[in-house]
Amino acid sequence: MAYATQEDMEKRFKEAELLDLTNPDDLDAETINVDVLQVALDDASAAIDAHLSGRFAVPIANPPDVLTNVCCNIARYNLYSGKSTEEVETRYDNAIKLLNRIAAGDVNLGSTSATAGGVRLWNVSQPA
């Protein structure tokens, strides 16, 4: 399950940028390559799950908007394939730092992040 969609990416980033990033070998492309974009979103979601799996049941059901934003920034960074700008790298670094803080329990995702399959899950540091 991806934490973000193509629509989420389009809300945050310019269409021209997404066209270029998802069609690196086709400079005349007029549509976003949904397959390439989906791989980037899936990879970003897997990274989120890897960071948070020690604290939460993943994938997180009803993820808060902050995880959508993190997913978009990681996916965008991955699409740049090592050719990112300073701004893209900063947003990626901040996303990873936030994930680390969430995993450490320094940032609370709220009650929506603590449920999976309708069962309430507790943070490992919280008594039941």
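The table below lists the values:
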| quantity | calculated |
| --- | --- |
| Solvent-accessible surface (1.4 angstrom probe) belonging to Asp43, in square angstrom, nearest 10 | 90 Å² |
| Per-residue HN-Hα couplings for segment 69-82 [Karplus 6.51, -1.76, 1.60; θ = phi - 60°; Hz; x = Gly/Pro] | 5, 4, 4, 4, 5, 5, 4, 4, 4, 5, 5, 6, 6, x |
| Rh by Kirkwood over Cα pairs, then Stokes-Einstein D for segment 1-50 at 0.692 mPa s and 37 °C, µm²/s | 292 µm²/s |
| Alpha-carbon spread of segment 39-95, three principal axes, descending order, Å | 34, 19, 18 |
| Under 13 Å, Cβ to Cβ, from Ala103 - net charge with Lys/Arg +1 and Asp/Glu -1 | +1 |
| Solvent accessible area, Å² - Arg101, 1.4 Å probe, full protein context | 120 Å² |
| Solvent-accessible area per residue, Å², over the chain with all protein chains present [probe radius 1.4 Å] | 57 Å² |
| Percent accessible area from carbon and sulfur atoms, the chain, protein chains only, probe 1.4 Å | 48 percent |
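The values are calculated or read from the model by the stated rules, or taken from the named source; none is laboratory data. Source: prediction; values computed, not measured. Every residue, glycine as well, gets a Cβ built from its backbone with ideal geometry; the counts of neighbours run over all protein chains shown. Remember, those area values only see protein heavy atoms, side chains included, never the ligands or the DNA or RNA. Shrake-Rupley method; radii C 1.70, N 1.55, O 1.52, S 1.80 Å.
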